[in-house]
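Scroll down for the structure; my scribbles are underneath it.
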Amino acid sequence: MAKKDQNKAWYRFRRYRTPDNMNAFNKARARARKIHRQRKRESWIKNVSNITCSTSSKEVWNKIRKLSGKYSASPVSMLVSNGVSINTIPEISNTLAETFAKTSSCDNYTPAFQALKRREERVKLNFSFTNEEGYNSPLTLLELRVALHRSDLKIRSAKALNILKVLANTRWGADRTSLLRLYRALIRSKLDYGSVVYSSACKSLLKILDLVHHQGLRLCLGAFSTSPVESLYAEAFKPPLDLRRKYLCLNHFMKIQSMKTNTAYTYLFSFSLYDFSSHRSSLTYSQPFHFRIRDLINDLNLNIGRIALCKISEVPPWKVIYPKADFTMSCYSKACTPESTYRTLYLEHRELFSDYEPIFTDGSKSESHVGLAVVSLSTVITDALPISASIYTAELHALRIAIEHISLSCGKKFIIYTDSLSALQSIVSLHSSSHPILVDITYALANHLKKKGIRFCWIPGHAGITGNELADTAARSATGSSESFPVPHSVLKTCFRQKLQSVCQSNCEQQTENK
């Protein structure tokens, strides 16, 4: 449309060369160029937005060739078997598999070799194993150096930088957001893989990977080679690789702590299996994983508390009962909907389900307090959680308490009102095993939904609904023994990220010559 307007203005100016027509043509041309650049940028972002850490380099290069206009479709694969052309993927796969199976079959061996093979396979192997070596036990620096070099981590990451070098072009669509997204998917994902193991290497070896990290950030930001690395971290909002490895190690440690069935659990939390103090004087050993995590927790002054164990639902999938939930009020934008409209919708909903006893739940989180409340017609239940708990965990815990309260009540029909849309969507979704509290809620609903009618309804918070306001006030003033509550390991990720970000910010502020 803009190009058409530009052509019209040009034809008009070419016939009638007046100052007004010339100004109109210049404006139309400028507008067409602006729209063309915007559409080009939007098309670029759309093409690279679906690139993730699982996208292969081949697919990324195919996208680059398409954007450059150099892409040519590969010919259709053809295969001939017994004089018949095979061109479908399933038939090609079956034909190749049959050929490989026939070629590698034992029938191709000589009778003497087949007899020897059968005789040797009947001999029992004298094989023994031991569990005495600790998880991630100390390795010598020579072993770490060989493992790091053999993994060719730097080489593979450096090759992925070539994609950024091609796309970091100032003339066509290479914006900072897209380049950083590509960097996370293609380069940093390689640096993250195995970092829990190789993070115990000496600093001189780990600095090799820092060069790849810095070069990738410079390409994404268009920074000079003389720009300090602290400026790159602050401008790209990316931490140093050292802090990134610490973050991944903490997450891995907490994840194993929540899974007692994990093979590494015994080695990580039974320190008597390996006495590191007797080897501390040796310079050829690095600290085991659990000792490094212990020192890291002390350095960051982290208050971990209890970690909730991962649970497996006792309810089989075919017996899971998904409750009925009403999301009608979520269709209205809270920024554009007055509180009176929400109150009217709530009263209409209560009139429709007047035979259901209402129960209101709410969670509250501040810098120094995490609480929750459950309010019914005759009862107010409050509880406090550790400060590391998220508002999502508080809302789920409130819903679990509400269901437990219903199981002990004499009534038959109940409707639970909550202002947490994410918690309610998790309950009614098919993926309820990702959180320990959701597993408990699934089990409770499977036992009580058959006996009692339980419904859920989302209502907006702070909209003047009486029950929700009472629950919010009670949650803000909730008290209790918060340290005894087990926190899911996934909730601690935010706490770890904030702590390490504060360390990165402190290091950046201490630089005197930082640009």
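So the values come out like this:
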quantity: Evaluation of Phe224 against (1) at pLDDT below 85; (2) closer than 25 Å to Ile187 by Cβ; (3) assigned to a loop (DSSP other than H, G, I, E, B) (one fails), failing number; calculated: (1)
quantity: Failed item, numbered, when Ser128 is tested on (1) surrounded by 10 or more Cβ atoms within 10 Å (Cβ to Cβ); (2) farther than 30 Å from Leu205 by Cα; (3) modelled with pLDDT under 80; calculated: (1)
quantity: Per-region count, the range 462-493, residues outside any loop (DSSP other than H, G, I, E, B), in contact with a Phe, Trp or Tyr (Cβ under 7 Å, 6 or more places away or on another chain) and modelled with pLDDT under 90; calculated: 0
quantity: Filter result for the condition that a residue is under 15 Å from Ser57 (Cα atoms), over 26 Å from the mean Cα position of the chain (by Cα) and either assigned to a helix (DSSP H, G or I) or modelled with pLDDT under 85 (or both), over Ile187, Ile155, Ile163; calculated: Ile155
quantity: Condition check for Ala335: crowded, with 21+ Cβ neighbours inside 10 Å and at pLDDT below 90; calculated: no
quantity: Among (1) in contact with a Pro (Cβ under 9 Å, 6 or more places away or on another chain); (2) touching a residue at least 60 places away in the same chain (Cβ under 8 Å); (3) surrounded by fewer than 19 Cβ atoms within 10 Å (Cβ to Cβ), the one test that Ser200 misses; calculated: (3)
quantity: Filtered residues of the range 321-351 (kept if within 18 Å of Ile415 (Cα to Cα), touching a Phe, Trp or Tyr at 6+ places or on another chain (Cβ under 8 Å) and not in a helix (DSSP H, G or I)); calculated: Pro323, Lys324, Ala325, Asp326, Phe327
quantity: Evaluation of Lys207 against (1) over 23 Å from the mean Cα position of the chain (by Cα); (2) in contact (Cβ under 8 Å) with a residue 12 or more places away in the chain; (3) part of a helix (DSSP H, G or I) (one fails), failing number; calculated: (2)
quantity: Close pairs from the range 240-262: first touching a residue at least 40 places away in the same chain (Cβ under 8 Å) and farther than 20 Å from Leu211 by Cβ, partner in a helix (DSSP H, G or I) and of a type in the set (Ser, Thr, Tyr), Cβ under 8 Å, at least 6 apart; calculated: Cys249/Ser195; Gln257/Tyr265; Met259/Tyr265
quantity: Subset of the range 289-321 (residues that are closer than 28 Å to Ser426 by Cα and over 26 Å from the mean Cα position of the chain (by Cα)); calculated: Glu314, Val315, Pro316, Trp318, Lys319, Val320, Ile321
quantity: Tabulated pairs, the range 87-99, first among the small types (Gly, Ala, Ser) and surrounded by 12 or more Cβ atoms within 10 Å (Cβ to Cβ), second at pLDDT below 85 and part of a helix (DSSP H, G or I), C-beta under 8 angstrom, 6+ apart or interchain; calculated: none
quantity: Failed item, numbered, when Thr55 is tested on (1) in a helix (DSSP H, G or I); (2) among the β-branched types (Val, Ile, Thr); (3) modelled with pLDDT under 85; calculated: (1)
quantity: Matching entry among Arg476, Arg497 (being within 26 Å of the chain's Cα centre (by Cα) and over 25 Å from Leu347 (Cα atoms)); calculated: Arg497
quantity: Considering residues of the range 203-239 that are in contact with a Cys (Cβ under 7 Å, 6 or more places away or on another chain) and of a type outside the set (A, V, I, L, M) only, the residue nearest to Asn507 (Cα to Cα); calculated: Glu230
quantity: Selected residue (only one of Lys255, Lys238 is at pLDDT 85 or above, of a type outside the set (A, V, I, L, M), buried (at least 16 other Cβ atoms within 10 Å of the Cβ) and part of a loop (DSSP other than H, G, I, E, B)); calculated: Lys238
quantity: Among the candidates Ala236, Ala264, residue that is over 12 Å from His290 (Cα atoms) and touching a helix residue (DSSP H, G or I) at 6+ places or on another chain (Cβ under 8 Å); calculated: Ala236
quantity: Residue among Asp440, Asp383 that alone is of a type in the set (Asp, Glu), touching a residue at least 24 places away in the same chain (Cβ under 8 Å) and farther than 21 Å from Trp458 by Cα; calculated: Asp383
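Yes/no matrix, rows are residues, columns are (1) within 12 Å of Ile441 (Cβ to Cβ); (2) among the hydroxyl-bearing types (Ser, Thr, Tyr):
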residue	(1), (2)
Ser376	no, yes
Ala384	no, no
Ile391	no, no
Ala394	no, no
Ile401	yes, no
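One line per residue, one yes/no per condition, for (1) in a loop (DSSP other than H, G, I, E, B); (2) touching a Phe, Trp or Tyr at 6+ places or on another chain (Cβ under 8 Å); (3) modelled with pLDDT of 85 or more; (4) surrounded by 17 or more Cβ atoms within 10 Å (Cβ to Cβ):
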position: Ala444; (1), (2), (3), (4): no, no, yes, yes
position: Ile454; (1), (2), (3), (4): no, yes, yes, yes
position: Pro460; (1), (2), (3), (4): yes, yes, yes, yes
position: Cys495; (1), (2), (3), (4): no, no, yes, yes
position: Gln498; (1), (2), (3), (4): no, no, yes, no
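The values are calculated or read from the model by the stated rules, or taken from the named source; none is laboratory data. Not measured: the values here are computed from a predicted model. Note that we place each Cβ from the backbone using ideal geometry, even for glycine, and neighbour counts take in every protein chain shown.
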